[in-house]
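In what follows, a structure is listed as structure tokens, so that the remarks can point back to it.
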Amino acid sequence: MTLKEMLETAAGRYGGKAAVTLGGRRLAYTELDRSSNKVANALTEMGVGRGHRVAMLLSNSLEFAVIYFGIVKTGAIAVPLDTKYKTNELACLFDSCRPRVLVTESPYLELVTPLLSRFNYIENIITLGPDDNGQFQSYHQIMANSSARPVAAVVEADDVAHIAYTSGPTLRPRGVMLIHRHLVAAAGISATGFGQTDKDVVVLFALPMHHAVGLVVILLTSIYKGSKVVMLPGLSISGLMETIEREKATIFMGVPFIHALLIREAETAGMRHDLDSLRVCASAGSPLPVDTMKRFQELFSKRLIQFYGLTEATVHVTCQPIDGSGKLGSVGRALPAWQLKIVDDDGRELGPNQPGEIAVKGPFMKGYYNNPQATAEAIRDGWLYTGDIAHLNEEGCLFLSGLKKPMLISKGQNIYYSDVEDVLSAHHKVAEVAVVGVADPDGMRGEVVRAVIRLKAGEKATEPEIKRFCLERLANYKVPKQVIFLDSLPKTAAGNINREALKGDLLTVSVDRAAGEMVL
């Protein structure tokens with residue numbers, strides 16, 4: 001089955017029922033199907049067809065859902081992008097996937113417009129906002145004038161539906177290719193894990209739709225099962241609780257950071273809302289601290305269930321039982337259609353309670369876009385090697401313990417060391433830099449970015465200066481929370497930077513190497 005067929009089936013079955021809502025707006029299943037036909041027919045008239053890439057630089061909205069389905073109905077490939085990316089990050093991704101069309105909105109349009117001369121492969125831009133000078137295509141005009149007839153394009157189940165740039169260094173792009181058949185299968189697997197039905201109301205809060213959880217676990221799974229998705233604008237925790245109460249929401253998913261904010265809100269403002277309608281509260285993105293899980297249960301009388309997945313696996317691979325009977329600290333057992341094993345550095349399978357790398361088999365990615373070498377490294381003998389470290393107990397429950405990949409996780413966001421190091425290495429004062437993840441002093445984000453820098457001879461710099469430099473070039477969540485200046489970076493016996501040594505207590509000062517002056 002393709003995503004096109006999945007939506008058409010849902011529209012025929014659920015008709016005028018709300019598929020997605022945002023604020024006072026609602027989009028019924030039939031409206032989602034018809035509106036996405038309009039987008040697909042407009043794209044076809046622009047020359048978009050099978051295999052062409054269409055980039056989406058959009059915030060969470062009803063239009064996101066319409067445009068995504070419109071793209072995949074043509075046989076083209078949707079490329080959802082993170083709206084927090086800065087110009088140089090977007091340029092790397094554009095050059096990787098070379099989209100024929102870009103769909104965006106203000107203020108992101110203002111960000112990319114000055115660069116359009118660099119991207120001659122982008123033939124059309126569709127904007128959700130007004131375009132008085134006629135330079136771009138208008139989404140609202142497409143909705144007013146394009147045909148809602150079913151799209152005639154041939155789409156195969158094994159065609160690539162979208163490319164996700166969320167699982168590797170942004171400045172060294174690795175685009176995960178996900179096919180229609182696997183995305184539909186993933187939606188069904190996810191629904192099984194959460195026991196989801198057409199009676200469920202799923203809240204989408206603070207999870208971007210360009211990400212696998214927002215797009216696949218929430219949106220596509222809900223369309224597959226005929227559930228209702230309630231999107232929340234903004235980041236108000238009290239607004240989230242009010243919405244859960246008003247909408248009688250049954251499923252809420254978040255990263256540990258959001259659950260920690262919910263706990264803090266309940267502790268400071270009290271329990272002012274009735275959340276009894278929730279039957280599933282789930283957490284993913286990074287390991288959930290046991291203390292957070294216990295406190296959440298004390299305050300809300302709800303057990304947080306954990307699940308584990310990665311973009312390369314299309315969706316989540318494991319899930320704890322929704323009745324709350326899962327092992328404390330575990331992310332659950334393998335879901336239907338998935339196999340997993342723990343292997344050593346030579347690929348040999350390890351026994352129970354032995355830590356190693358997670359390898360999975362199931363409906364995972366086709367590969368990395370235009371990167372056969374990286375694909376061959378990740379997919380071996382039919383298994384996807386995840387780069388995550390864990391162990392299985394005797395009952396098959398998975399316990400995460402670390403990362404083999406050179407990255408950290410902050411507020412559920414993957415941050416590769418190389419992204420920050422590549423930017424800082426370009427600073428004219430920096431001689432050498434290493435980035436590591438350290439525990440968040442506030443205990444809410446999981447880890448934060450620490451950059452350790454050796455300055456060039458005669459140079460001096462301050463922490464605010466380095467942070468400003470990064471903020472201009474990197475998504476905000478990648479900007480170092482800590483900047484430490486050292487005369488030399490510790491090395492291993494092999495001459496490599498010793499990252500473990502950089503995670504300990506270090507003096508946070510910058511050094512004027514010429515005068516020896518300490519600059520706090």
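Key figures
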read-out: Residue in the stretch 306-327 that is of a type in the set (A, V, I, L, M, F, W, C), in contact with a Ser or Thr (Cβ under 9 Å, 6 or more places away or on another chain) and free of Cβ contacts under 8 Å to residues at least 40 places away in the same chain present; value: no
read-out: Selection count, the stretch 472-499, where residues are surrounded by fewer than 14 Cβ atoms within 10 Å (Cβ to Cβ) and modelled with pLDDT of 90 or more; value: 4
read-out: Answer residue from the stretch 311-323, given it is more than 26 Å from E267 (Cα to Cα) and surrounded by fewer than 24 Cβ atoms within 10 Å (Cβ to Cβ) and is farthest from the chain's Cα centre (by Cα) among those; value: P321
read-out: Matching residues, the stretch 306-347, being among the β-branched types (V, I, T) and touching an Asp or Glu at 6+ places or on another chain (Cβ under 9 Å); value: I342, V343
read-out: Identity of the residue in the stretch 392-405, within 24 Å of the chain's Cα centre (by Cα) and assigned to a strand (DSSP E or B), that ends up farthest from M444 (Cα to Cα); value: L398
read-out: Qualifying positions in the stretch 191-233 - polar (S, T, N, Q) and closer than 23 Å to R246 by Cα; value: Q196, T197, T221, S222, S227
read-out: Residue selected from the stretch 328-348 under the condition farther than 18 Å from F194 by Cα and among the basic types (K, R), by the criterion surrounded by the most Cβ atoms within 10 Å (Cβ to Cβ); value: K341
read-out: Qualifying residue in the stretch 145-167 (condition: in the same structural domain as E8 (by TED's automatic domain parsing), touching a Phe, Trp or Tyr at 6+ places or on another chain (Cβ under 7 Å) and under 29 Å from E31 (Cα atoms)); value: yes
read-out: Only one of M231, M177 that is of a type in the set (A, V, I, L, M), farther than 30 Å from G270 by Cβ and in contact (Cβ under 8 Å) with a residue 60 or more places away in the chain; value: M177
read-out: Residue in the stretch 251-273 that is surrounded by fewer than 17 Cβ atoms within 10 Å (Cβ to Cβ) and in contact with a His (Cβ under 7 Å, 6 or more places away or on another chain) present; value: no
read-out: Residue in the stretch 343-352 that is assigned to a strand (DSSP E or B) and not assigned by TED's automatic domain parsing to the domain that holds I163 present; value: yes
read-out: Residue match in the stretch 358-373 (condition: surrounded by fewer than 15 Cβ atoms within 10 Å (Cβ to Cβ) and at negative phi); value: yes
read-out: Scope the stretch 43-90; condition hydroxyl-bearing (S, T, Y) and either over 18 Å from the mean Cα position of the chain (by Cα) or not assigned by TED's automatic domain parsing to the domain that holds V101 (or both); matching residues; value: T44, T74, T87
read-out: Subset of the stretch 406-459 [of a type in the set (A, V, I, L, M), surrounded by fewer than 21 Cβ atoms within 10 Å (Cβ to Cβ) and not in a strand (DSSP E or B)]; value: A426, M444, A457
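The rows are residues; the columns are (1) acidic (D, E); (2) at negative phi; (3) part of a helix (DSSP H, G or I); (4) at pLDDT 95 or above.
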| site | (1), (2), (3), (4) |
| --- | --- |
| D198 | yes, yes, no, yes |
| V203 | no, yes, no, yes |
| V217 | no, yes, yes, yes |
| T221 | no, yes, yes, yes |
| A260 | no, yes, yes, no |
| R272 | no, yes, no, no |
| S277 | no, yes, no, yes |
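The values are calculated or read from the model by the stated rules, or taken from the named source; none is laboratory data. A quick note: this is a predicted structure, and the numbers were derived from the prediction, not measured. No Cβ is skipped: glycine too gets one built from the backbone with ideal geometry, and neighbour counts run over all protein chains shown.
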